[in-house]
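Since the structure comes first, as structure tokens, the remarks are kept for the end.
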Amino acid sequence: MDKLNIRGGHRLSGDIIVSGAKNAALPELCAALLVAGPVTLDNVPLLQDVATTLKVLRTMGATAERSSSSQPDQVLIDASTINTPEAPYELVKTMRASILVLGPLLARFGQATVSLPGGCAIGSRPVDQHIKGLQAMGADIRVEHGNIVARAARLKGARITTDMVTVTGTENLLMAATLAEGETILENAAQEPEIPDLAELLIKMGARIEGHGTHRIRIQGVERLHSPSVAHRIVADRIEAGTFLCAVAATGGDVTLRGARADHLDAVIDKLREAGAHIESGQSAAGEDWIRVQSEGRLRAVSFRTSEYPAFPTDMQAQFMAVNCIAEGVARVSETIFENRFMHVNELVRLGAHIAVDGHTAIVEGIPRLSGAAVMATDLRASASLVIAGLVAEGQTVVDRIYHLDRGYDRMEAKLRGVGADIERIKG
Ligand code: UD1
């Protein structure tokens, strides 16, 4: 198993190019299942979760490959040759987001079998809302031998109000509704920027969608979507960008994130400013978005509470907690989206952090410095928080089990090395 070896204490300065969003790439790759023809996606990040999704699509009979090595961030998918509308357990168990094939398969082929995602390190994460929504659209859904087996002659438009705001649930139902008969209204829809990005791709395929990016999405189903030269560029990864903002805020330095959208990170940027970092943003003459972060001296600890977009993202909780660990003062960090999403706490404590957990709240008492140690990554964003902590800790930190990091960060250590971090991968 690969590890990261980090020697902390270096200021970061220079430019980092932010990759396309993992959480947009995964549903958009699955959306290609809705059409019998080629779809081209650009700005597809080089990640393990993307590789897994491409494998899921190929297992079903689709063509799903990266373009030539000169354009590695481009992916071509052609789902005209699907012969097995099934996502097997071997792949689903490694990536819960495989559930995103359910809506498109059922809508286009009238049947789908998707292995039921198992337990997950950051809570039970059920998919009942995906199922409930598809049932409201007329699907017959059973769980047989650990698989979700879904059937529908043709889905029918419905008014669906999910019990809670769910990101992949909204995406699954949105994709399914594009081919349903009549109108679907998704109430209580998630508003994360990856959803309007998916909707824009679907609209390019001929879908009729309004209200994406709000709590109510209205879809007029069409008989078929088309794909003569559907091409789409995936929105920038706001969580990757936010992670680098936290890293620079913590280490001190001056870094410009190229391709990153500040308007997708309002809540995180507000908190970093409150902590004392200086952040500005804009667009280059060529139309490229950028965010610049400058940080000097010790930051102030800042309390926050995770919630649905546009509030503070749960996917940034662990990384911001690492910043609080070395800030001045005490911060209360409340997690409201996932149970059991404080697994990084024990590892941060190994680096010397002072953190106490009380139910869904962690109380972080900032200390002047952390000290390097061997730590273990437990999930994707927890890994990122350990990397940030390692970058500021005195001495050497070794982060083990970084396959979690590789699931969702595109060449993170190379990007950090490019701005002056002392970090290397040890192949294991
Ligand atoms: C997505 C993101 C993930 C992010 C999360 C919350 C992707 C691929 N992943 O995950 O990075 O952390 O949003 O912003 O986009 N729930 C149910 N039943 C359901 C669905 C959800 O009870 O059918 C609950 C979950 O357990 C959780 C909450 O609703 O407590 C929100 O989960 P959800 O938005 O669905 O997360 P994901 O879409 O899995």
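Each value in this text was obtained by applying a stated rule to the coordinates, not by laboratory testing. None of the values given here were measured: they were computed from a predicted structure. Here the Cβ positions follow ideal geometry from the backbone for every residue, glycine too, while neighbour counts run over all protein chains shown.
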Item to check | Gyration tensor (alpha-carbon) shape descriptor, the stretch 21-67, a/c threshold 1.5 | outcome: prolate
Next on the checklist: Compute, for the stretch 73-208, the length of the dipole vector about the Cα centre, with Cβ point charges of +1 (Lys, Arg) and -1 (Asp, Glu) only. Units Debye, rounded to 20.
Outcome noted: 380 debye
Checklist entry - Over the chain, what is the relative contact order in whole percent, taking alpha-carbon pairs under 8 Å and six or more residues apart? => result 21 percent
Item to check | Peptide ranges 165-178, 146-159, 103-116 listed from the most packed, as the mean C-beta count within 10 angstrom indicates | outcome: 165-178, 103-116, 146-159
Checklist entry - Between rounded, prolate and oblate, where does the stretch 237-335 land on the alpha carbon gyration tensor, with a ≥ b ≥ c its root eigenvalues, rounded for a/c under 1.5, else prolate if a/b exceeds b/c? => result oblate
Item to check | Inter-probe distance in nm under a simple model that places probes 7 Å from Cα toward Cβ, at Arg159 and Thr336 | outcome: 2.6 nm
Checklist entry - Counting each DSSP H run of 4 or more residues in the chain as -39500 (n - 2.57), what helix-only mean residue ellipticity at 222 nm follows after dividing by all residues, to the nearest 500 deg cm²/dmol? => result -9000 deg cm²/dmol
Checklist outcome for this item: As a percent rounded to 5, the proportion of antiparallel DSSP bridges among beta bridges in the chain is 70 percent
Item to check | q = 0.08, 0.11, 0.14 Å⁻¹: log10 I(q)/I(0) that the Debye formula gives for the chain, counting C-alpha atoms only | outcome: -0.43, -0.81, -1.25
Next on the checklist: Can you order the peptides 344-354, 278-288 by their average number of other Cβ atoms within 10 Å per residue, highest first?
Outcome noted: 344-354, 278-288
Checklist entry - Once you list every other residue whose beta carbon is under 11 Å from the beta carbon of Gly206, what net charge do they have if Lys and Arg are +1 and Asp and Glu are -1? => result +2
Checklist entry - So how strong a dipole does the stretch 244-385 carry about its Cα centre when Lys and Arg Cβ are +1 and Asp and Glu Cβ are -1, to the nearest 20 debye? => result 320 debye
Item to check | Förster radius 51 Å - calculated FRET efficiency between Arg417 and Arg208, Cβ distance, rounded to 0.05 | outcome: 0.65
Checklist outcome for this item: In terms of the charge dipole of the chain, which places +1 on Lys and Arg and -1 on Asp and Glu at the beta carbon, the residue among His264, Thr168, Ile367 farthest towards the positive end is Thr168
Checklist outcome for this item: Pseudo-spin-label distance Gln294 to Asp358, built 7 Å along Cα→Cβ, given in nm, is 3.9 nm
Item to check | Given charges at Cβ of Lys, Arg, Asp, Glu: the stretch 267-319 dipole, positive-most of Ala286, Ala275, Pro310 | outcome: Ala275
Checklist outcome for this item: With label points set 7 Å from each Cα along the Cα-to-Cβ direction at Ile367 and Met1, the distance between them in nm comes to 2.5 nm
Checklist outcome for this item: Answer in debye to the nearest 20: the dipole magnitude of the chain about its Cα centre, from +1 Lys/Arg and -1 Asp/Glu charges placed on Cβ, is 460 debye
